Structures are given as C-alpha cells and as structure tokens.
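The values are calculated or read from the model by the stated rules, or taken from the named source; none is laboratory data. This structure is a prediction, so every number in the text was calculated from the model and none was measured. Glycine gets a Cβ as well: all are built from the backbone with ideal geometry, and neighbour counts include every protein chain shown. Areas reflect the complete protein model, heavy atoms only, side chains present, ligands, DNA and RNA absent. Shrake-Rupley method; radii C 1.70, N 1.55, O 1.52, S 1.80 Å.
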Amino acid sequence: MRYRSQVELNEGCKGLAREVCNTYDLVVGIPRSGIQPASLLSLYLDLPLSDVEGLTERRIMQTGKRYDGNVDFEEIRRVLVVDDSVNSGRQMRETKARIEKMDLADIDVDYAAVFVTPTGMKFVDYWWEVVDMPRVFEWNILHHPKLRNFCVDIDGVLCRDPFPEENDDGARYRSFLETVDPEYVPTKRIGWLVTCRLEKYREETEAWLQKHGIEYDHLVMMDLPDKQTRHELGNRSEYKATVYEDTGAELFIESSAKQATEIARLTGQLVYCIETNGMVDATTEYTKVPTETYYSVGQRIAHYLGRFSRNPVGFAHLAMQYLTTTVRSRFALFADELD
C-alpha cells in the first residue's frame with residue numbers, strides 16, 4: 001500500500017510550478033480532487049484559477065485582495081488543467097473530451113497531475129511522481145473504498161480519546177461513550193472496527209456508531225472484565241496485531257504512534273498512524289511525537305466551551321450528571337475511610 005500525504009501533495013505542486021513557470025495564463029482544476037492542487041499551483045504561479053465548468057463558461061474564480069490581476073478571458077492563450085492523480089485515465093479522458101467540444105480554438109490546453117501510475121502517465125503532459133497501485137492519500141484514506149478491507153481503531157481515530165477524568169470505567173466513561181463528538185465519519189463501510197474498549201461497553205459503542213452513521217461489518221472489542229485487568233495485562237498492541245493477522249486485512253489504521261509501531265513490528269504489515277500522519281512498517285522505530293498533550297488545560301476548556309455553545313441545554317444536563325457522579329463517588333470514598 002503506497003501512501004502520499006498532504007505535505008507530499010504540496011511538494012509536488014511546488015515542483016510542477018517550477019517546471020511550468022511562466023508558461024500558462026490560467027490554471028483549471030478538475031472537480032473535486034483536482035481543485036486542491038490547481039489552487040496551490042495558481043498560488044505558486046500567481047495565476048488566475050478556474051474549474052472545468054468555469055472554463056466552459058469562460059469564467060474566472062473570484063480572488064482575494066492579494067491577487068490584483070484583472071483577467072480578461074480574451075487574453076487567455078494557454079491553460080493548464082490539473083488533477084491530483086491519474087490511474088486508468090478515465091476521468092482525464094472524459095475531461096479532455098468535454099474540453100475538446102468547447103469553442104477554444106484560440107486557446108492551447110495542456111494537462112497535469114501530481115501523482116500518476118505508469119498507465120496514467122500517457123494521459124498528461126506533466127506529472128510530478130509515479131506512484132503505482134495500490135495507493136491511498138491523506139485526503140481520502142478514511143473515505144476510500146478499500147476501507148471494507150481495513151481494520152480501524154475507534155478512540156483517537158473516529159473520536160477523541162477520553163480525558164482522564166472521563167476514563168473511570170463507570171458512569172463517566174459511559175457518558176463519554178454516549179456523547180463524544182465524532183472527529184471522522186467515514187463515507188465508506190469499514191471492514192473491522194478494532195478497539196481496546198471492553199466488551200461490556202458494546203451496547204453504548206454500537207449505539208454511538210449507529211447515531212453517527214458509521215457503517216461496518218465487524219466490531220471487535222476486548223473481552224476482559226474491567227479496566228484494571230486490561231491495564232495489568234498491558235497487551236493492547238498484541239491484541240490488535242492478532243486481530244489484524246486473523247482478519248487478513250490489507251491495512252490497520254491506528255491512532256497511537258507507539259501502538260502503530262508495535263503492531264507493524266509484530267505483524268510485519270503496514271499500519272497507518274493518525275498521530276504521525278504516516279505509514280509505519282516493521283522497520284520503523286518509535287519516536288515520541290513532540291506535540292502538546294491533548295489533555296492540556298487550554299484544550300479541555302476549548303473543548304467544553306465548544307460543546308456548551310453547540311448545545312447549552314444538553315451540556316448543562318451532562319455537567320449535572322458529572323457533578324452528581326463525582327459527589328457520590330467522593331461521599332462513598334469518605335464513608336469507606338470512616339469505616
């Protein structure tokens with residue numbers, strides 16, 4: 001599985017910009033995925049931007065104040081049509097056929113893509129890198145048809161990890177499972193959701209997945225009695241690696257850099273890591289990601305303020321539940337100490 005990130009797309013656009021510098025009058029993106037590289041190219045070249053529909057109508061996208069070029073379409077002589085990638089060439093052939101039907105006799109049109117396969121090379125005039133299949137990109141990995149053959153973690157991928165105060169293996173944790181906001185909602189069906197959540201929380205997990213329209217074939221959870229047992233065993237990576245091998249999945253999408261490294265080492269297979277935004281293989285050495293912890297005070301305040309602003313009544317209800325649970329647990333602890 002070959003992977004290219006947003007950073008690599010940007011580098012490819014910078015490379016193409018150097019290659020075609022001072023050659024074109026207009027950059028045109030092929031919707032949807034071609035709009036992003038076309039926009040980057042237009043910025044690097046300081047050229048006007050349009051899409052295929054705009055080219056049909058001889059229309060330029062409106063720009064901000066930083067671009068002061070007053071473009072008259074009658075002055076356009078050379079156009080570069082851009083997509084992010086070309087494989088079979090179907091989309092590029094359809095675009096070329098559409099453009100050939102336009103009345104553009106006075107305009108020369110060339111075609112480019114950032115990433116091409118050996119087959120796709122013949123459909124463009126410029127490309128940056130040959131990337132063979134199978135492949136996924138950062139901007140489509142959680143919406144890719146291949147998700148049906150992937151294992152996907154839940155916490156840290158589809159939603160955030162619980163805050164320490166939420167992770168009590170009790171009422172607060174159940175509230176987290178029921179109310180946490182999704183961070184990604186894949187638009188394709190997932191083969192295996194593989195989580196270290198305990199089997200006793202299956203009902204809450206399934207309800208949350210259904211609520212947010214996340215489709216999947218299998219939900220694999222740890223069959224252990226409680227959080228303490230899971231902590232004492234300390235085998236999260238081994239558990240996920242075993243599931244990965246047993247399913248025969250093509251890729252595992254994991255939130256934690258440490259676990260991703262261990263899963264890849266144990267299985268000898270690729271793992272895509274959300275934390276590092278990259279592919280991990282059996283030779284990858286784990287390096288702690290130097291980022292601010294998600295559990296910082298500022299991030300928690302921003303998170304809770306955001307939830308309050310979106311749903312004041314619901315947030316107040318959950319806050320009251322949290323306070324009630326906290327008071328009860330503290331009272332029980334105090335009572336135990338008296339005994």
Region 65-146: strands (runs of 3 or more DSSP E) wholly inside it with 1 or more residues that are modelled with pLDDT under 90 and at negative phi are none
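Hey, could you check region 158-172 for residues that are touching a strand residue (DSSP E or B) at 6+ places or on another chain (Cβ under 9 Å) and more than 15 Å from Lys211 (Cβ to Cβ) and say which is least open to solvent (accessible area, probe 1.4 Å)?
Applying the filter and picking the extreme gives Pro162.
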The condition from (1) open to solvent by less than 10 Å² (accessible area, probe 1.4 Å); (2) in a helix (DSSP H, G or I); (3) touching a Ser or Thr at 6+ places or on another chain (Cβ under 9 Å) that Ser175 misses is numbered (1)
From the option list Ala260, Ala241, single residue qualifying as closer than 20 Å to Gly156 by Cα, without any contact (Cβ under 8 Å) to a residue 60 or more places away in the chain, assigned by the TED database to the domain that holds Leu147 and out of contact with any Leu (no Cβ under 6 Å at 6 or more places or on another chain) is Ala260
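Scanning region 73-125 for residues that are among the small types (Gly, Ala, Ser) and either without any contact (Cβ under 8 Å) to a residue 12 or more places away in the chain or not assigned by the TED database to the domain that holds Gly34 (or both), which turns out surrounded by the fewest Cβ atoms within 10 Å (Cβ to Cβ)?
So in region 73-125, the residues among the small types (Gly, Ala, Ser) come out as 85, 88-89, 97, 105, 112-113, 120.
Filter again for either without any contact (Cβ under 8 Å) to a residue 12 or more places away in the chain or not assigned by the TED database to the domain that holds Gly34 (or both), leaving 97, 105.
Numbers: Ala97: 9, Ala105: 5.
Filtering region 73-125 for residues that are among the small types (Gly, Ala, Ser) and either without any contact (Cβ under 8 Å) to a residue 12 or more places away in the chain or not assigned by the TED database to the domain that holds Gly34 (or both), the one surrounded by the fewest Cβ atoms within 10 Å (Cβ to Cβ) comes out as Ala105.
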The lone condition Val157 fails out of (1) assigned to a loop (DSSP other than H, G, I, E, B); (2) at pLDDT below 95; (3) outside the structural domain of Ile76 (by the TED database) is (2)
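So that you can scan it fast, the table gives a plain yes or no per residue for (1) surrounded by fewer than 17 Cβ atoms within 10 Å (Cβ to Cβ); (2) out of contact with any strand residue (DSSP E or B) (no Cβ under 9 Å at 6 or more places or on another chain):
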residue	(1), (2)
Ile214	no, no
Pro225	yes, no
Gln228	yes, yes
Glu232	yes, yes
Tyr239	no, no
Glu254	no, no
Cys273	no, no
Val280	no, no
Glu285	yes, yes
